[in-house]
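In what follows, a single structure is set out as structure tokens and then discussed.
The values are calculated or read from the model by the stated rules, or taken from the named source; none is laboratory data. None of these values were measured; they are calculated from a predicted model. Note that we place each Cβ from the backbone using ideal geometry, even for glycine, and neighbour counts take in every protein chain shown.
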Amino acid sequence: MVWSTFWTGSLLSERAMPEQAAKKGWTRVAFGDVVRQVRDRVDPHESGLARYVAGEHMETDDLRIRRWGVIGDGYLGPAFHMRFRPGQVLYGSRRTYLRKVAVADFEGITANTTFVLEPKNSNVLLPGLLPFFMQTESFHEHSIKQSKGSVNPYVNFSDLAWYEFELPPLEEQARILQALIAARELAEAYDRQLESLWNVRQALEMNTLVGGARSWQSVTSIENVELPAGWKLVAASTLCSAPITGGITPRDGEKGAVRECPFIKVGNLTFDGHLDFGASGSRINAHAFRETESLHVVPGDILTNIVGPPLGKVSVVPASIPRALINQAIVRFRPNSPEIGSWLLAYLMSPWAKHWLFLRSKKTSGQRNINATTCAALPVPMPPSQQLATLLTTLDRTRDATRVTGARNRQARQLLSLLLAEGLS
């Protein structure tokens with residue numbers, strides 16, 4: 001995009017001359033010198049307003065208010081008496097590490113723990129730029145550092161008022177604002193596209209995994225779905241070349257031995273098939289590793305957690321991990337073939353499998369538990385062998401589209417972060 005190339009290129013050239021760039025009309029100001037807290041106190045039930053916004057309605061790092069409550073739909077606490085108007089900025093002053101900054105696009109009521117803010121003079125600070133200043137890392141760091149209390153930390157407006165930042169000239173503000181709005185709109189467009197793709201993907205996968213059976217939309221149990229001719233429900237154990245088994249947490253073994261053998265825990269599993277095991281992943285020593293050889297996992301093995309919450313994480317062991325151990329909260333599926341593995345992976349990530357396993361889980365000490373025997377008995381719908389490759393291609397295409405859009409979405413978010421960091425810091 002032309003604007004992003006021009007803007008980031010301009011910023012990088014300015015970074016090469018920090019002394020000169022810092023003095024071109026930019027002035028250092030205190031937050032309280034250019035921003036005021038609006039204290040428009042009203043009675044919510046006599047104000048004629050329809051909506052209220054509570055802290056839980058605001059999302060982390062999202063400037064849009066996407067949820068709200070309706071005044072009169074239940075008990076509204078006495079703290080809800082602050083009116084806000086379109087264009088004003090709402091800031092959650094409790095647990096500021098949650099980074100809740102939002103711009104109102106309607107009139108409503110909020111609690112006195114949510115600050116209503118606006119520029120003192122729009123000819124000094126453009127109203128549209130205020131929320132972006134409040135999204136910078138330096139602002140969040142200041143707010144978190146000045147927060148008081150441990151259980152439910154809070155910050156006062158007076159603590160924010162002395163936060164200092166560099167304010168560009170008005171024309172420069174307009175240029176920066178234009179770039180930030182474009183970057184945010186791009187990221188939000190990818191958000192919407194990704195959400196739509198996920199909905200399409202889930203519906204397509206549910207349909208594909210039962211061969212397009214007509215009854216699947218209204219049936220909650222996989223055993224009751226009328227599968228097409230030639231399809232069968234088979235136990236997961238029949239699709240595996242080794243017993244479906246859990247892992248173990250080994251003894252330390254030799255004292256002082258180097259910990260170099262991968263040890264996979266539930267925290268390394270994800271909900272999308274990817275195994276998150278990087279440089280920070282746990283490792284055990286070679287002696288303890290050798291003692292547990294029968295429980296090792298290898299590339300292509302599928303892992304799912306049997307202790308939660310949450311249950312339902314599913315990951316494939318990648319080629320980058322030639323051999324590893326899993327702990328006792330994870331079970332291992334070793335598919336008969338790569339094709340069977342792809343099908344089993346898709347099924348384990350589906351609501352069919354998750355629902356079936358959840359109904360057979362037991363709750364003890366606040367945790368949900370499933371055993372390996374139950375996982376082995378999981379009923380899996382299997383198409384005729386001649387259809388399997390075609391169905392897998394369909395699933396792969398939807399996943400590829402989701403991955404590509406997800407990658408573009410991350411890039412758009414990174415661009416927005418870059419513009420915030422470079423344009424307003």
Yes/no for Ala353 being in contact with a Leu (Cβ under 7 Å, 6 or more places away or on another chain), among the hydrophobic types (A, V, I, L, M, F, W, C) and modelled with pLDDT under 90
yes
May I ask you to verify whether Val124 is of a type outside the set (Asp, Glu), farther than 30 Å from Asp43 by Cα, modelled with pLDDT of 90 or more and in contact with a helix residue (DSSP H, G or I) (Cβ under 8 Å, 6 or more places away or on another chain)?
yes
Search segment 120-141 for residues being assigned to a loop (DSSP other than H, G, I, E, B) and under 17 Å from Arg64 (Cβ atoms), and hand back the single one that is nearest to the chain's Cα centre (by Cα).
Gln135
Residue ID - surrounded by the most Cβ atoms within 10 Å (Cβ to Cβ), chosen from residues in segment 374-387 that are modelled with pLDDT of 90 or more and assigned to a helix (DSSP H, G or I):
Cys375
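For segment 81-111, which positions are aromatic (Phe, Trp, Tyr) and surrounded by 21 or more Cβ atoms within 10 Å (Cβ to Cβ)? Outline the logic, then answer.
Here is the first cut: in segment 81-111, the ones aromatic (Phe, Trp, Tyr) are 84, 91, 97, 106.
Listed by number, the residues that qualify are Phe84, Tyr91.
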Conditions: (1) surrounded by 14 or more Cβ atoms within 10 Å (Cβ to Cβ); (2) modelled with pLDDT of 90 or more; (3) of a type outside the set (S, T, N, Q); (4) closer than 26 Å to Asp33 by Cα. Lys148 meets all but one. Number of the miss?
(1)
In the set Tyr91, Tyr52, Tyr75, Tyr97, the lone residue that is modelled with pLDDT of 90 or more and not in a strand (DSSP E or B) is Tyr97
Restricting the first residue to segment 85-106 and requiring it to be among the polar types (S, T, N, Q), which pairs with a second residue that is assigned to a loop (DSSP other than H, G, I, E, B) meet a Cβ separation below 8 Å and a spacing of at least six or different chains?
Gln88/Val38; Gln88/Ala104; Ser93/Thr113; Ser93/Val155; Ser93/Asn156; Thr96/Ser147; Thr96/Pro153; Thr96/Val155
